[in-house]
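Working notes for the structure below.
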Amino acid sequence: MEQTVIILYQVLYSFSFLVLICLGLAVIFGMMQVINLAQGEFIMLGAYVCNVAVKDGVSLWLSFLIAAVAVGLFGILVERVLIRFLYGRIIDTLLATWGLSIFLVGGTTIVMGPTTNSIPAPFGTMYIGAYGIPAYSLVLIALAFVLLIGTYALMRYTRAGLIARGTMQNPVMAAAFGIPPQTVYMLTFGFGSALTGLAGAIIAPLSGVSPTMGIFFIAKAFVTVIAGGPMVLLGTISASALFGSISGVVDYLTSSVLGEICVLLVAIVLLRLLPSGITGKFRRGI
Amino acid sequence: MLEIAGLNAGYGRIPILNGVSFSVAEGEVVGILGHNGMGKTTLLKALIGELRATGGSIRLEGRDITPLSMARRARAGLGYVPQGRQILPQLTVQENLRMGEIMRGGVSAIPEMLETFPVLKPLLARPGQALSGGQQQILALARCLVGQPKVLLLDEPTEGIQPSIVDEIAIALKHLQSALGLTIILVEQDLHFIAALASRVLIIQRGRIIATIAPTALADPAIVAEYLGI
Ligand SMILES: Nc1ncnc2c1ncn2[C@@H]1O[C@H](COP(=O)(O)OP(=O)(O)OP(=O)(O)O)[C@@H](O)[C@H]1O
Ligand SMILES: [Mg+2]
């Protein structure tokens with residue numbers, strides 16, 4: 001019984017963690033087809049904004065919001081000065097965002113120092129039997145679900161979501177309906193950035209905050225979104241569920257290094273069997 | 001309604017349109033006829049703003065819309081049904097229709113449009129990519145009309161569509177045109193279709209309008225041979 005609960009918790013936690021670091025990427029890479037190699041640094045920026053705000057006495061929850069807004073605005077800036085010139089040019093995008101990533105890591109190191117900062121996680125430790133978990137991780141799980149459902153509902157049911165989906169499918173036709181595509185691209189990139197920054201802030205109390213923290217997430221996030229396939233949100237959910245379950249179980253039974261290896265192996269096999277991802281054969285969805 | 005004067009446009013450095021001038025009165029249907037590759041699609045793309053004019057001007061209701069972007073021209077009242085239909089593949093039929101009126105305020109025109117095109121009703125929840133060519137064409141037309149454009153630009157609505165649906169589209173257009181007083185620029189290669197709808201037919205050749213003929217003249221093989229014969 002106890003063991004089942006712990007494994008269930010591990011799986012939920014791994015799933016939620018993956019969802020958080022993937023959601024922004026699902027929008028920016030999945031929907032917009034922009035390969036933003038600085039995605040991990042957007043997470044890092046969110047974490048730092050949160051860190052600075054908390055140090056200045058702002059409450060953790062308000063700091064989350066500030067991180068989302070700040071990184072969202074930063075994303076809009078990056079879209080305006082860099083990305084908008086590079087839509088459809090994959091190699092140029094890779095180079096430019098790689099450069100941006102290096103710049104952000106370097107810049108943050110200079111300004112904030114190379115050391116790892118921490119944000120105290122609220123609520124202390126909880127015990128499942130003798131097994132201690134940070135109670136804050138339950139908050140992280142809850143927030144991941146809220147963001148996931150919120151993003152899905154926004155894309156699926158709102159006017160703004162329809163405009164974004166339609167414009168990404170065919171910007172020229174969007175313009176024929178009177179929609180300014182450049183503005184939609186800019187705002188969608190900003191929204192994806194805000195989600196990414198918010199994710200960084202939410203994970204910060206558990207992961208710590210350092211200039212190079214993005215590196216740990218970027219590959220995992222890309223693998224997950226790619227494995228998810230063309231229906232970006234459903235794909236991200238299913239791939240996160242699959243990989244989250246594997247790493248949750250393996251982490252519990254052995255070590256987290258082995259969990260990562262297992263996830264990678266499963267991803268490779270999965271993409272051999274389903275080259276266009278888990279949702280590649282879905283007829284509809286987002 | 002629409003006045004086009006000395007319009008030049010092309011792709012990159014390749015000029016295609018060469019001083020195209022004509023005007024369209026309110027409620028009029030003007031047909032544009034020409035061989036493949038003569039610049040019909042290019043003309044419509046230049047009108048809607050997908051291609052920038054390199055010379056000349058386009059006026060809509062007296063206002064110069066040449067400097068406006070495609071989105072602004074659409075909001076100013078130009079509706080465009082492109083060649084190949086361009087249904088958004090992963091959006092449902094319902095969502096495709098909503099896209100057509102998404103920037104227009106006021107009441108939705110979708111329920112009314114579904115009365116005009118009842119074939120779309122059972123398809124509303126299907127993704128656009130699951131529709132047949134004829135269904136897609138009807139959807140493309142309905143999607144444009146719900147935006148309530150002042151001028152409708154139609155690019156080969158009958159291309160690759162079975163005759164029964166061509167007739168259906170012709171009847172619906174005829175009906176809508178007289179009911180709403182729609183102004184239409186109709187690019188077509190189907191002579192019957194164009195003769196049934198247009199009040200005037202412009203012949204385009206290598207990016208120029210070389211003649212204007214009456215639709216009745218399309219029944220005359222000699223005239224057809226003169227302008228469209230090879
Ligand atoms: N994207 C493009 N880039 C360069 N040239 C193009 C492009 N699209 C069309 N053209 C050229 O412009 C000319 C006019 O093409 P356009 O599509 O306007 O012809 P059309 O009259 O619509 O023909 P169709 O009846 O086949 O639709 C053709 O010579 C074509 O090769
Ligand atoms: Mg054409």
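Worth a mention:
- Look at (1) open to solvent by less than 30 Å² (accessible area, probe 1.4 Å); (2) within 16 Å of the chain's Cα centre (by Cα) and you find that A:Thr108 fails only one, number (2).
- Applying the set (1) surrounded by fewer than 24 Cβ atoms within 10 Å (Cβ to Cβ); (2) touching a residue at least 60 places away in the same chain (Cβ under 8 Å) to A:Lys55 leaves exactly one unmet item: (2).
- B:Gly12 being of a type outside the set (Lys, Arg), at positive phi, surrounded by fewer than 22 Cβ atoms within 10 Å (Cβ to Cβ) and away from ligand 1 (no atom under 16 Å from the Cβ): no
- The set of residues in the stretch B:94-109 that are crowded, with 18+ Cβ neighbours inside 10 Å and farther than 18 Å from A:Thr167 by Cβ contains only B:Ala109.
- Meets criteria (part of a loop (DSSP other than H, G, I, E, B), under 15 Å from the mean Cα position of the chain (by Cα) and within 16 Å of ligand 2 (Cβ to nearest atom)) for B:Pro149: no
- Any hit, the stretch A:227-236, residues being open to solvent by 10 Å² or more (accessible area, probe 1.4 Å), under 26 Å from B:Pro89 (Cα atoms) and touching a Pro at 6+ places or on another chain (Cβ under 6 Å): no
- The criterion of being in contact (Cβ under 8 Å) with a residue 12 or more places away in the chain, crowded, with 16+ Cβ neighbours inside 10 Å and more than 20 Å from B:Ala214 (Cβ to Cβ) does not hold for B:Ile32.
- Of the criteria (1) among the small types (Gly, Ala, Ser); (2) away from chain B (no Cβ under 14 Å); (3) touching a helix residue (DSSP H, G or I) at 6+ places or on another chain (Cβ under 9 Å); (4) not in a loop (DSSP other than H, G, I, E, B), which one A:Gly132 fails: (3)
- Scanning the stretch B:27-51 for residues that are modelled with pLDDT of 90 or more and either within 14 Å of chain A (Cβ to nearest Cβ) or more than 16 Å from ligand 1 (Cβ to nearest atom) (or both) yields B:Glu28, B:Val29, B:Thr41, B:Leu44, B:Lys45, B:Ala46, B:Leu47, B:Ile48, B:Gly49, B:Glu50, B:Leu51.
- All positions within the stretch B:29-52 that are in a loop (DSSP other than H, G, I, E, B) and among the hydroxyl-bearing types (Ser, Thr, Tyr): none
- When B:Arg104, B:Arg143 are screened for being within 14 Å of chain A (Cβ to nearest Cβ), assigned to a loop (DSSP other than H, G, I, E, B) and of a type in the set (D, E, K, R), only B:Arg104 passes.
- Looking only at the stretch B:40-67, and only at residues there that are among the basic types (Lys, Arg) and more than 16 Å from ligand 2 (Cβ to nearest atom), the one that is farthest from A:Val172 (Cα to Cα): B:Arg63
- Here B:Phe22 passes the criteria (1) within 15 Å of B:Ile185 (Cα to Cα); (2) open to solvent by 50 Å² or more (accessible area, probe 1.4 Å) except the one numbered (2).
- Of all residues making up the stretch A:82-95, the number that are assigned to a helix (DSSP H, G or I) and open to solvent by less than 30 Å² (accessible area, probe 1.4 Å): 2
- One residue alone among A:Val249, A:Val225, A:Val257 is part of a helix (DSSP H, G or I), more than 17 Å from the chain's Cα centre (by Cα) and at pLDDT 80 or above, and that residue is A:Val249.
- Answer residue from the stretch B:152-169, given it is under 19 Å from B:Gly100 (Cβ atoms) and more than 15 Å from ligand 2 (Cβ to nearest atom) and is farthest from the other protein chains (Cβ to nearest Cβ) among those: B:Ile169
- Of all residue pairs spaced 6 or more apart or on separate chains, those with beta-carbon atoms under 8 Å, a first member in the stretch B:99-118 that is within 23 Å of A:Pro181 (Cα to Cα) and of a type in the set (A, V, I, L, M) and a second member that is open to solvent by 60 Å² or more (accessible area, probe 1.4 Å) and part of a helix (DSSP H, G or I) are B:Ile102/A:Arg159; B:Met103/B:Arg75.
- In the stretch B:88-101, the residues that are part of a loop (DSSP other than H, G, I, E, B) and either facing chain A (nearest Cβ under 7 Å) or more than 18 Å from B:Met70 (Cα to Cα) (or both): B:Leu88, B:Pro89, B:Gln90, B:Leu91
Yes/no matrix, rows are residues, columns are (1) in contact (Cβ under 8 Å) with a residue 12 or more places away in the chain; (2) open to solvent by 40 Å² or more (accessible area, probe 1.4 Å):
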| site | (1), (2) |
| --- | --- |
| A:Met126 | yes, yes |
| A:Ile133 | yes, no |
| A:Val139 | yes, no |
| A:Phe145 | yes, yes |
| A:Leu154 | no, yes |
| A:Thr158 | no, yes |
| A:Thr167 | yes, no |
| A:Val172 | no, yes |
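- Test: residue in the stretch B:117-136 that is within 16 Å of ligand 2 (Cβ to nearest atom), of a type in the set (A, V, I, L, M) and within 13 Å of another protein chain (Cβ to nearest Cβ): no
The values are calculated or read from the model by the stated rules, or taken from the named source; none is laboratory data. Not measured: the values here are computed from a predicted model. Because the Cβ atoms are built from the backbone with ideal geometry, glycine has one as well, and the counts that use them run over all protein chains shown. Please note that ligands, DNA and RNA were not included when accessible areas were found on the heavy atoms of the full protein model with its side chains. Shrake-Rupley method; radii C 1.70, N 1.55, O 1.52, S 1.80 Å.
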